[in-house]
Structure formats: structure tokens, C-alpha cells
Amino acid sequence: MPAITINDDTGSTPASANNSHAAIHTAAVAAYAAAPDPDASADDVRIALAAARAAFADGRTRQLAWRKDQLRKLHAWVHAAEARIADALAKDLGRSPAATLSLESMLIASEATHAVENLDDWAKPKHLDNNLFTLGDNIKVERAPRGVVLILGPWNYPLQLMLVPLVAAIAAGNTAVLKPSEITPYTARLMREELPKVLDPQAVRVVTGGPKVAEQLLAEKFDLVFFTGSPQIGRIVMQAAAKNLTPVVLELGGKCPVYVDAGLAPGDLRNAARRIMWGKTLNNGQTCISPDYVLVHRDVSAKLCDALREELKDIFAPSGPKAHPNLSRMATVRHTERLAGLLRRQLALPHSRLVAGGDVDAAEMYFAPTVVGGVRDADPLMEEELFGPVLPVVEVTDVDDAVARVNARPHPLASYVFGPPAVAKRFVDRTRSGASIINDVSYHVVLPELPFGGVGESGVGAYHGREGFLSMTQPRPVMHRNKGLEVANSPRYPNNVDKPFMVNLVKTVVMAGPRPRFVIVLGKFLYSWGFLIIAIVVAFVVGWRIGRL
């Protein structure tokens, strides 16, 4: 497909120019298409699963020392393999080493470090308070590993979105089978060849291939399936897992909205535009939490569009986006053409206007960051998640109008708002999303302890930090009953259950309804210190009696 320039006023270089990472990407895609790696066979799938099951069954993963050792080795590999990781990502996505470091390696290393530092606390059993019927018993909730976890990865962050879930799986005491995306084959090959040399080769297995391999894996019985990708494929994964009653964590996506209110000061409006364009151009818009569209108060719509255009020029100065080393390329020609088709349809509408960008070269998988104004709810750019560097701008009358438009769509993975505190609170309180950020976009991923997950159409379950550990484990109650005190147990047996004392006990204690707060606190105090108080009183009485004798 020849270069097609709809328009470009962002300072982009001509279509013939390119940066070195983009050239590597174009050549590598063609080379792999000519000589692809063979897919894993059905036997490879069964062998990988059997090895992971055997490793889990022998108990090695229950030991916290083993888990920490594996996480430290993974952390060390991310550092040692920095050049090889950068090379794979340049071939797969045309990404620069600096972008790979910040978007992939840094987040993996941060998660691994955070898990090692906090694993003792996460894994510690939680002891529960007793009630009248369990006096003298030891009751706790353990976080039990689930078993063998299947991790199905996407192509947009092909290393990070495989290995951050793996950090959670290892920290939780599981073994894992990884299936990277076939759309990023160089990163998949890197993991297949190097991870078995770094991690326990039985406990962590990597299987590569296309959709057929994924189908073979999903036909097997795993203890948890972790999938990152589109809602469409998420439904297929969930249906396949349901056949084996396998629980799932689905990290999906959706159209993440931004609302910009008229109450922003001029400087704040400019900052909002800069942060929105940063989020939109991150991995060239191929990010599940990328701002998908902007809802802007009509009083500041023109000013925001001007600011978005100026900030786009500024963040890619002086070369412009096409020659800039830190603008990734689209993953495939097909994906580029899909987005270009939506843009053409949109710009054919008389109410649409191209604010910035519009330069597309599908052969080079280049798509300039693009802003489109005058977009309406039913327009082509609002039909589906864009997953690319096109930003539609939709005018609204106020925050309530914005809320209504967001709530009319499936719940997104994230939502963003720029405005005065009262407006921001109203927007956050009245919309539903996997996460909400005030005065920024996409930035919540930098904090490992923040749960990352969707709601409804945008996902099931969450991970990152402790939340990943919780998702990868099962809360298992363990009750250690006192062997004695049978007198206290006697009311539960058939010969006593209908006696007036037992009936009155049930009615007055168990069915009495919620207790006042001070009664709850007093009860916990007496249970915690009651035996000590009784022992002191008994000792005092005995000592007093002995003294009198």
C-alpha cells in the first residue's frame, strides 16, 4: 500500500524518511514472514503442562525461599538481557531502547522487587477472631497457591504483559505455562530460548505459536487462566475455561474516556493537553489504558484542540513524529490499514475536521499521532476501541453530559478527568471504570501496589502487587479445633439441640442482630485477655487462701 497523506501539520518528515528502529521493524517483519518459527505441537503443549504439574506437585513452589530466588533471577535477567530485549522489541514494534526500558523492563523489575520485599507479609496467614462456638480454637485463612497458571499474552507490550503476571504467579507459589503473542515473534523467541536458562525449567514453561496453539492450551485443564487482550478474544477464553470450570483473570480494554472541564485555568488546560498527548502517543496509542477519546466542555473545545496540536509538535520536536526515535510503529500492516480506514470514513463526514496529524504509511507501519475535532457519538471513530494514535474530540455541555455519554458505553479500563476538584469528584463518583485518574492519564501503572484491572466489558479480576498475589492464590480457611472442652460442644448434638437452654442460646446470642460497637470491642478484649485475667484472679485467690492457711 503506498504512502497516503491525508494531511500533516505536526512537523513530520516525508514518507521516505525513517528512524533506525522503524527500519529495523519493517525489515524484521518481512524476514520473519519469509521464514517463521514452527508452532509448538500438541505433544509440546502436553509435555509443558505435565512438567509444570509435576513441579507443583513436588512441593518446591510452597517454599517462600524458592519463590524469592526465582523472582531475583528474573529481575537479574531483565538487567542482563537489556540489549537483547531492546533488539527484540525494535524488530517487533520499531521501539527504541529507551522506550523499551521504561515501558517493559522497568515495570517488570519494579514488580519483581516489590514482590520479594513484601512476600513474607502477603503470605502470612490471617488469624481470625473466635465466636461463642469456637472458643479455644485456632482459626486462620491461608493463601494457598492455585496450581498451574496459563498466561496468554498480547502483542502491544509483549514482554511486560507476560512477565508481570508471571511475577504474581511465582510469588503466589504457582507454576506457569506462558504463551506469548505470535504477532511479536522476536520477543516470543527470546522468552522461549532464555527463560528456561534463567528460571526453574520445569516450573516455568514457554510455548510459542499462533491461535491453534492457544486453542490446544485452552482445551487442557489449568488451575487459572490469565489473559490480556481484546474483549472479543476474552469471551472466547472465558468460554473455553468454563468447560473445565477454570477461574480466569481477564485484562481487556475498551474506550477509555477523558473529560476536560471549562473550569481549568489556561496553564492547566495546556498541561492537560500535554499529558493527554503523552498518553495517546505512548506505544503509539497501542495501549489498553490509552485515552481513546476526549469529551471537552464546548466553551474550551477550540482552545483544547489548539493546545493538543501545539503540544504534539512540542513533544516530538525538532524532528517531528516520523523521524523521532521514541515513537513506536504500528505492529502490523493490517492494524495500520484498519485504523486508516476508520480515519478516512470519519474525515468524509462534513462536521469533522483534522486538527493535527493524518500522515499514514501502511507499508512502513507508520501512523502519525492524529487529532480529529467535531466528532459525534455515532461516528466511525466512536464505533470501537481505536488502539492507535487517533484521538477524537467530542464536545459536551457540562460534566453531567460527559457522565451520561461515558455511562452509555461499556465500562472502560480507565477514565480520566481534568477539572476543578468538585467537578472531578462528580465525574469519578458517577462513572464506573477499572481505574480513575484526576489531572493525568495512564499514570497509575507506575505504582505496583495499585490494583490493575477492569470492570464488566473491560475485564475480570486484577493484578499488580498484592492484588496479583491475591488473584493467583485461593483463600483457604484452616480451623484447628480444641480436642477438649467437650462440655462446650454438647449443645450441638441431637440429644441436646432441642433443649430450652440451647433454643434460648440461639435466639438470644446468634439471632439477636447487630451488636453495638462497644459490645464488639469489649468482647474482643475479653476474648484476647480473658484467659490471662482469669489466670491472674485464680492465682490471686489461691495465693490469698494459702496465705490465710
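Tabulated results
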{"quantity": "Lysines with Cα under 27 Å of K243, excluding same-chain neighbours fewer than 8 positions away", "calculated": "K179, K212, K221"}
{"quantity": "For segment 68-180, accessible area per residue (1.4 Å probe, heavy atoms of protein chains only), Å²", "calculated": "33"}
{"quantity": "Segment 369-425: mean projected area of Cα convex hull, nm²", "calculated": "4.6"}
{"quantity": "Stokes-Einstein diffusion coefficient of segment 46-107, Kirkwood radius over Cα pairs, 10 °C, 1.306 mPa s, in µm²/s", "calculated": "115"}
{"quantity": "J(HN,Hα) series, segment 73-81, from Karplus relation 6.51 cos²θ - 1.76 cosθ + 1.60, nearest Hz, glycine and proline x", "calculated": "5, 5, 4, 5, 5, 4, 6, 5, 9"}
{"quantity": "Linear extension gain, E383 paired with R481, 0.36 nm per residue minus alpha-carbon span", "calculated": "29.4 nm"}
{"quantity": "Rounded percent of accessible protein surface that carbon and sulfur make up, the chain, 1.4 Å probe", "calculated": "60"}
{"quantity": "Pairwise centroid distance, computed over Cα atoms, of segment 223-271 with segment 68-130, Å", "calculated": "22"}
{"quantity": "5 angstrom amide H check on S181, placed H, neighbours 5+ away", "calculated": "G153"}
{"quantity": "Per residue, the convex hull volume that the Cα atoms of segment 233-362 enclose (Å³)", "calculated": "153"}
{"quantity": "Anchor K524: lysines whose Cα lies under 27 Å away (excluding residues fewer than 8 positions away in-chain)", "calculated": "K124, K126, K140, K483, K507"}
{"quantity": "Global form of segment 135-184, assessed from the alpha-carbon gyration tensor, a/c cut-off 1.5", "calculated": "prolate"}
{"quantity": "Contour minus Cα-Cα distance for T134 and Y443 (0.36 nm per residue)", "calculated": "106.6 nm"}
{"quantity": "(i) -0.68, -0.82, -1.30; (ii) -0.44, -0.59, -1.39; (iii) -0.51, -0.63, -1.14, with the label sought being that of the calculated log10 I(q)/I(0) by the Debye sum over Cα atoms at q = 0.07, 0.08, 0.12 Å⁻¹", "calculated": "(iii)"}
{"quantity": "Antiparallel bridges, percent of DSSP beta bridges restricted to the chain (to nearest 5)", "calculated": "40"}
{"quantity": "Rule-of-thumb Rg ratio for segment 300-433 [Cα; 2.2 N^0.38 Å; N residues]", "calculated": "1.13"}
{"quantity": "Whole-number accessible area per residue in Å² for segment 210-263, which is evaluated in the context of all protein chains at 1.4 Å", "calculated": "41"}
{"quantity": "Efficiency of FRET between D39 and Q474 - r from beta-carbon atoms, R0 41 angstrom, step 0.05", "calculated": "0.80"}
{"quantity": "15 Å cut-off, amide nitrogen to a point 7 angstrom out along D398 Cα→Cβ, residues in segment 242-279", "calculated": "261-263"}
{"quantity": "Stretchable slack from I536 to K499, in nm (0.36 nm times residue separation minus alpha-carbon distance)", "calculated": "9.8 nm"}
{"quantity": "Distance in nm between pseudo-label sites at K197 and D120 (7 Å out along the Cβ direction from Cα)", "calculated": "3.4"}
{"quantity": "Ellipticity estimate at 222 nm from DSSP helix runs (n ≥ 4, -39,500 (n - 2.57)) divided over the chain, nearest 500", "calculated": "-14000 deg cm²/dmol"}
{"quantity": "Whole-Å semi-axes of the ellipsoid equivalent to segment 363-507 (Cα gyration tensor, √5λ, descending)", "calculated": "54, 21, 15"}
{"quantity": "Mean separation of Cα contacts under 8 Å, 6 or more apart, over the residue count of segment 281-374: relative contact order %", "calculated": "30"}
{"quantity": "Quotient of Cα Rg and 2.2 N^0.38 Å for segment 63-212, N being how many residues it contains", "calculated": "1.23"}
{"quantity": "Per residue accessible area in Å² of segment 421-479, where ligands, DNA and RNA are left out and the probe is 1.4 Å", "calculated": "48"}
{"quantity": "Segment 410-445: chymotrypsin sites (Phe, Trp or Tyr not before Pro) falling in loop per DSSP and having at most 15 other Cβ within 10 Å", "calculated": "none"}
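The values are calculated or read from the model by the stated rules, or taken from the named source; none is laboratory data. Keep in mind it's a predicted model, so treat the numbers as computed, not measured. For neighbour counting, all protein chains shown are included, and Cβ atoms are generated from backbone atoms with ideal geometry for every residue, glycine included. Side chains included, ligands, DNA and RNA excluded: accessible areas come from the protein's heavy atoms. Shrake-Rupley method; radii C 1.70, N 1.55, O 1.52, S 1.80 Å.
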